[in-house]
Amino acid sequence: MRYAICFTPSASDPLTLAAANWLGRNVYSGEMVDPPAIRGLGIHEIAFYTAVPRRYGFMGLLKAPFRLAEDMSEASLLRDLMRFSGSVAPFEIPRLEVARLGSALGLVPSEPSQKMHFLAASLVQAFDLYRAPLTEAEIERIDPDGLSATQFANLHRWGHPHVMDEFRFQMMLTGTVSPGDIPRIERALRDFFEPALAAPIPVSNIALMMEEGSGGPFRVHSLHPMGKVSARKIA
């Protein structure tokens, strides 16, 4: 079993519901959702291109999946994450947009979010003690030969290559898409998600996500509201 620390909108947020419809699974309940009817896209094609993000659920990764260190417990992780969340003020991402992420597609801020970058770096550092060391098999799956020197150092220090200065906030909507299909899938995603992306995205909770079994799908284990109770604005 692994945990991950992420951002995902609240369960009732229009973006959460749209993403569940697109990916075919609700990240809160774990329930499968019927695929959307999109002109020019077949349901089997959508299911194929969303297989990888469907497993991980709709989320922006802040601290990569990790196994608990031997001397750590879920109870202490929850306690410390609650304390951490209460020390960080809520903020907003003015706008998310569909973007190409290499050969995949996802949502990214229209402008870099320094607050999100700081939040991710702080979580990586504060909760590193909860992370069990990577096994050789886990390191090989990341393909260390394809990393830059900085990414390689991050992998061995923090358990993931894309942290600190290498971090980019993104919420994946597809796995690898064939080059010939990217423009068509991109247009469909822009049309499908446009209504849910009209308003700023409040970042007022930190989500602890949990993997179901070994290699199973991830779901939201718990939401941890950000900010002091007296000043808290829940999404």
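Taken together, the values in this text are just the output of simple stated rules run on the coordinates, not laboratory data. If you're wondering where the values come from, they're calculated on a predicted model, not measured in any experiment. No Cβ is skipped: glycine too gets one built from the backbone with ideal geometry, and neighbour counts run over all protein chains shown.
Hey, can you rank 59-71, 41-53 by average C-beta count inside 10 Å, highest first?
Packing proxy ranking, top to bottom: 59-71, 41-53.
Under 5 Å between amide hydrogens, which residues at least 5 positions from Ile93 or on another chain qualify, with H placed 1.01 Å from N in the peptide plane?
So Ile93 has HN proximity to Ile201, Val203.
Step through the residues of the range 160-167 one at a time and calculate ³J(HN,Hα) from phi using the Karplus curve (6.51 cos²θ - 1.76 cosθ + 1.60, θ = phi - 60°), rounding each to whole Hz and writing x for Gly and Pro.
Those phi angles translate into 7, x, 9, 10, 6, 5, 8, 6 Hz.
Give the value in nm², to one decimal: projected area of the alpha carbon convex hull of the range 3-227, averaged over all directions. Don't skip to the answer; put the middle values down first.
Working: hull surface 49.0 nm².
Directional mean of the projected Cα hull area for the range 3-227 stands at 12.2 nm².
With the cut-off at 1.5 for a/c, could you classify the range 123-235 from its C-alpha gyration tensor as rounded, prolate or oblate?
oblate
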